[in-house]
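Report on the structure given below.
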Amino acid sequence: MYKTVFNKRNVFKFKRFSGKSYSLFAVLGREVVVGTLSVATLTYAHAGSKMPANDNIAPVSNVLAAEDDSVTLQEVEVTATRAPLTSGQAVRMVTVLTREDIQAAPVQSVNDLLKYAAGVDVRQRGPIGAQTDISIRGGTSEQITILLNGINICDPQTGHNTFDVPVDISDIVRIEILEGPAGRAYGTSSLLGAINIVTKESALRPSSEGCLDSKHLATEMRLEGGSFGYLSAATKFSVPNSQLSINYTRSDGYNRSKAGRLNADYSGFKTFYQGGYSSEVADLRWHAGLSIKGYGSNTFYSAKYDEQFERTTKIYTALQGETKSTWLHLLPSIYWNRSHDRFELIRGSEDKVKFNYHRSDVVGLNLNSWFDWTLGRTALGAEFRNEDIISTTLGEPLQTPKHIHGTDRYYTLGLNRSNISFHLEHNILLSSLNISAGIIAVKNTQSEMPIKVYPGIDASYQIARHWKVYASYNTSLRMPSFTELYYSVGGHKADKHLKPEELSSLEGGIKLSTPVATASASVFYNHCKNMIDWIMDTNDPTHTWQSVNHTKVNTVGVELATSLSFLAPRTSHLDISYCYMHQDKRLDDNLQSQYSLEYLRHKLVARLHVGIIKNVMLDVNYRFQDRTGSYTTVNDNIESYHPYSIVDTRLSWLLSDVELYGELNNLFNKRNYVDYGNVPQPGTWFISGIRLKL
């Protein structure tokens with residue numbers, strides 16, 4: 001359930017976990033706060049920030065905060081900017097998918113969850129998280145920042161693989177979706193927004209003797225089965241200050257190649273560990289995760305080959321700190337992410353077409369800080385991020401080729417670039433008026449890019465007890481991915497001289513919140529220079545896709561949302577949201593766009609959560625999508641995208657520590673619909689499962 005909640009003074013209500021860190025958002029009984037947070041809300045998810053104890057203010061941004069119903073909660077009041085404020089409320093709209101939403105939704109992956117956010121475009125090439133491109137407000141999958149517990153996990157090779165996250169869906173306590181440019185918060189990848197996946201920290205704490213008996217071990221297990229040979233098994237172990245989850249999922253897939261072989265099958269393994277340490281001086285949090293998956297890519301990248309295959313391996317590590325100083329608050333973090341990718345145009349037949357191999361490494365150092373003084377609260381900091389790739393197809397020639405493990409081949413190409421950024425933000429509260437302004441200065445070593453500065457300002461005003469208006473102006477940029485710069489095989493021709501994309505955005509809106517209903521309306525305008533896309537001239541007999549910079553793309557959009565709560569006889573709610581967009585950039589009739597101009601003009605989502613009888617809940621999710629653009633079929637015909645509607649349902653029965661559930665995706669068996677041309681989506685998909693807590 002997605003809501004914005006105010007208290008009587010219209011200050012963000014926030015709940016504190018006794019003896020723990022704190023969350024960015026609050027769960028007020030059945031009312032879930034969907035914030036009007038500043039652009040920096042997710043930034044200081046990078047590492048927590050704490051207020052002095054005598055300020056009676058909760059830390060705003062430790063994204064590893066535990067959320068356990070058994071813990072006694074204490075309400076405190078905060079706002080969310082780069083540093084926490086004691087009153088008022090910042091501006092930016094953040095949609096929150098809460099743990100309740102996640103548990104009730106008929107989904108099997110993080111990708112599926114995001115379908116229910118109106119401003120988010122989820123373009124699937126396969127179910128259960130095989131491969132999904134996620135974008136926000138008419139952009140592409142390359143133009144948003146993806147964070148895991150506040151750590152940037154974007155893949156510089158390609159946005160296609162960014163959502164290979166190592167966490168099981170049961171690990172997630174919430175997902176935060178920030179719509180609109182977040183340049184002064186995240187630098188080179190947050191052109192049109194950010195998505196932060198927050199995992200659940202172990203709620204267990206050591207005994208006074210420090211021992212670990214049976215009372216200090218918690219176990220959770222889940223087993224699912226369903227259509228198309230689907231099977232998923234997961235387990236989670238929690239001990240004081242540590243938690244480990246393991247998941248395996250497989251499916252035969254819903255499609256076959258022309259030769260009758262599997263081409264939409266999936267097999268994936270995930271494991272994720274997180275822990276923490278607290279002292280009187282500082283808190284430390286760390287995580288490590290592994291994701292391995294292989295999937296039939298049928299016609300993902302070329303309609304002429306229906307037995308493509310891809311295997312990816314992702315490793316994620318991070319260490320975050322938080323000092324407990326009463327004046328200057330320091331929040332350092334360090335992370336390393338590695339990605340392996342093998343793509344087979346003809347599955348298992350390297351003698352016909354050589355496989356593409358890529359290995360990328362990302363290392364980042366971040367230091368954030370904030371302090372109070374006479375004129376308000378100021379935040380400043382810096383980040384260094386190095387992106388390195390070695391490949392068989394991407395980059396410049398290597399002086400010394402590097403052997404590809406497990407093969408007789410070598411990486412012969414590569415590229416290394418570094419990004420350095422400095423940010424400064426100041427926050428002032430004047431009665432009902434709240435202002436947050438800041439800049440980010442960015443320098444990237446690619447193409448000798450000079451230092452560029454991107455400013456932003458947010459303002460909100462309380463006009464009545466339940467009403468608030470806001471406005472913002474923000475700017476951002478995005479560096480091209482390695483694929484956009486160098487992928488010149490298989491019918492593609494890249495341009496290594498692509499310019500960075502730059503965007504400026506204006507947004508305004510109004511919000512209403514009452515105990516039984518919330519509503520919001522916003523209008524936004526995005527002006528993008530040098531937007532990157534792949535373009536094909538249909539008159540060209542080679543049908544080659546070329547990466548290009550569009551000169552300008554302007555987007556105008558409207559978002560509406562409302563939520564109604566029904567508190568008797570059982571807690572139920574109805575949520576409806578809608579997004580409309582229009583882009584003024586048009587292509588000649590003979591040109592096709594692969595990504596940026598194939599946007600959702602209309603998206604409507606609705607969810608009904610209702611209690612049928614005691615302990616039995618029914619969730620019905622509806623979404624309507626109408627996409628602009630067209631694609632070329634296998635027979636070289638031009639086909640326009642057609643609108644479609646999908647209904648997903650879930651029925652669950654909860655008894656103490658046991659939950660039984662059944663899910664029907666695509667309830668009415670909608671056929672012949674696509675998110676990408678020539679990649680068919682599945683019909684009705686049934687799944688049943690059991691979840692146990694021991």
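The values are calculated or read from the model by the stated rules, or taken from the named source; none is laboratory data. Please read these numbers as outputs of a predicted model, since none were measured by experiment. Counting neighbours? That spans all protein chains shown, and the Cβs are built from the backbone with ideal geometry, glycine included. In case anyone asks, the SASA skips ligands and DNA or RNA and just uses the protein heavy atoms, side chains included. Shrake-Rupley method; radii C 1.70, N 1.55, O 1.52, S 1.80 Å.
Compare Phe272, Phe566 by solvent-accessible area with a 1.4 Å probe and give them largest first, with all protein chains kept in place.
The most accessible residue leads, giving Phe566, Phe272.
Label points 7 Å out from Cα along the Cβ direction at Leu231 and Asp636: separation in nm?
Between Leu231 and Asp636, the simple spin-label model gives 4.5 nm.
Sorted by packing (mean other beta-carbon atoms within 10 Å per residue), highest first, where do 378-384, 491-497 land?
Order by mean packing, descending: 378-384, 491-497.
Ignoring ligands, DNA and RNA, what percent of the accessible area of region 216-273 is carbon or sulfur (1.4 Å)?
Carbon and sulfur atoms account for 62 percent of the accessible area of region 216-273.
Give a quick list of GluC sites (Glu not before Pro) in region 233-341 that DSSP marks as loop, anything other than H, G, I, E or B, with at most 11 other Cβ atoms within 10 Å.
Within region 233-341, the qualifying GluC sites (Glu not before Pro) (loop, at most 11 other Cβ atoms within 10 Å) are Glu280.
So how much slack lies between Asp408 and Ile246, counting 0.36 nm per residue of separation and subtracting their Cα-Cα distance, in nm?
55.1 nm
Say the cut-off is 25 Å between C-alpha atoms; which of Lys443/Lys603; Lys352/Lys493; Lys115/Lys200; Lys304/Lys529 go over it?
Lys443/Lys603; Lys304/Lys529
Measure off, as a whole percent, the carbon and sulfur share of the 1.4 Å-probe accessible area of region 425-530, all protein chains present.
67 percent
Using modelled amide H (1.01 Å from N, peptide plane; none on Pro or chain starts), what sits under 5 Å from the amide H of Thr393, excluding residues fewer than 5 places away?
Tyr357
Work out how far the C-alpha atoms of region 341-446 reach from end to end along every principal axis, then list the three figures in whole Å, largest first.
Largest first, region 341-446 extends 71, 30, 21 Å along its Cα principal axes.
Using only protein heavy atoms and a 1.4 Å probe, report how much of Lys693 is accessible, in Å² to the nearest 10.
Roll a 1.4 Å probe over it and Lys693 shows about 100 Å².
What spacing in nm lies between the two simple spin-label points modelled at Leu591 and Ala382, each 7 Å away from Cα in the Cβ direction?
About 4.1 nm, to one decimal.
Which order do the peptides 174-184, 347-357, 671-681 take when ranked by the mean count of other beta-carbon atoms within 10 Å per residue, highest first?
174-184, 671-681, 347-357
Rounded to the nearest 0.05, what FRET efficiency is calculated for Val658 and Arg338 with R0 set to 35 Å and r the Cβ-Cβ distance?
For R0 = 35 Å, the calculated efficiency reads 0.35.
Counting only Cα atoms, I'd like the Rg/Rh figure for region 464-569, Kirkwood definition for Rh.
1.23
Using a probe radius of 1.4 Å on heavy atoms only, what accessible surface per residue do you get for region 604-659? Whole Å² is fine.
50 Å²
Can you pull the percent of region 544-623's accessible area that's carbon plus sulfur, 1.4 Å probe, other chains left in place?
61 percent
What is the calculated FRET efficiency for Arg671 to Glu280, with r their C-beta to C-beta distance and R₀ = 56 Å, to the nearest 0.05?
Efficiency computed from Cβ-Cβ geometry: 0.35.
With r defined as the distance between the Cβ atoms of Phe566 and Lys499 and R0 fixed at 56 Å, what FRET efficiency is calculated, to the nearest 0.05?
The formula returns an efficiency of 0.60 here.
Could you give the accessible area per residue of region 371-486, probe 1.4 Å, as a whole number in Å²?
That works out to 47 Å² per residue.
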